[in-house]
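These notes are about the structure you will find just below.
Since every read-out is calculated from the coordinates, none of them should be taken as a lab result. What you are looking at is a predicted structure, and each value in this text was computed from that prediction instead of being measured. Don't worry about glycine lacking a Cβ; one is built from the backbone with ideal geometry, like all the others, and counts go over all protein chains shown.
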Amino acid sequence: MPLKLSLKPGEKFVLNGAVLANGEKRTSLVLQNKACVLREKDIMQGEDANTPARRIYFPVMMMYLDPEGLEAYYNDFAMRMTEFMSAINNRQALATCLEISREVMGGTYYKALMACKKLYEFEQERLSYDTEDLSEHAAHR
């Protein structure tokens, strides 16, 4: 099944390991066969893997982009996922973790990446809730 990419002016993307940038005008590309494609908005730099959910996303992204380093990236992913799952008890987040793990085990890394974004939402809800709790607690002192 062909994949159609609609690119904004100047938007970057990775195609089979090569970083490409769109020109000055909006463009559409149609990929006729299977390829490893990741848009700029979905590419994370190592230093941006600064939360537990992002530390799961990063090695999955690297497994997708750099199959030669698969073993090391998988080991990092497994460690990060184990840490994350042992720290939470929310059923929906745990189900998402299992979904991500199944996709990784099946080699469908792009699907795993999209599932990882659900963990960002879970994490953000928890972080903002904790921040509100701390502010409320401080106000009562």
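According to the square roots a ≥ b ≥ c of the eigenvalues of the Cα gyration tensor, what is the shape class of region 46-88, taking rounded for a/c under 1.5, prolate for a/b larger than b/c otherwise, and oblate for the remainder? It is oblate, given that a/c is not under 1.5 and a/b is not larger than b/c. Each Lys and Arg adds +1 at its Cβ and each Asp and Glu adds -1 at its Cβ; summed about the Cα centre, the chain shows a dipole of about 640 debye. Under the simplified labelling scheme, the ASN90-ARG102 pair shows an inter-label distance of 2.0 nm, with each label point 7 Å from Cα along Cα→Cβ.
Farthest towards the positive end of the charge dipole of the chain, among the residues ASN22, MET1, TYR120, is the Cα of MET1, using unit charges on the Cβ of Lys, Arg, Asp and Glu.
Estimated purely from DSSP H runs of n ≥ 4, each contributing -39500 (n - 2.57), the mean residue ellipticity at 222 nm for the chain is -19000 deg cm²/dmol once divided by its residues. Here is what passes the span test in the chain: the DSSP H helices with alpha carbon length of 18 Å or more along the helix axis and a Kyte-Doolittle mean of 0.5 or above are 52-65.
Taking the chain as a Gaussian network of alpha-carbon nodes connected by springs under 10 Å, the highest mean-square fluctuation of the residues GLY23, GLY46, GLY107 belongs to GLY23. Remark on GLU11: its backbone amide H falls under 5 Å from those of ASN22, a criterion applied only to residues 5 or more positions apart or on other chains, H modelled at 1.01 Å from N.
In the chain, taking the dipole from charged Cβ atoms about the Cα centre, the farthest positive-side position among VAL60, LEU38, ALA72 is held by LEU38.
Extension gain for GLU71-THR27 works out to 12.2 nm (0.36 nm per residue, less the C-alpha to C-alpha distance).
In summary, the convex hull built on the alpha carbon positions of the chain has an orientation-averaged projected area of 11.1 nm².
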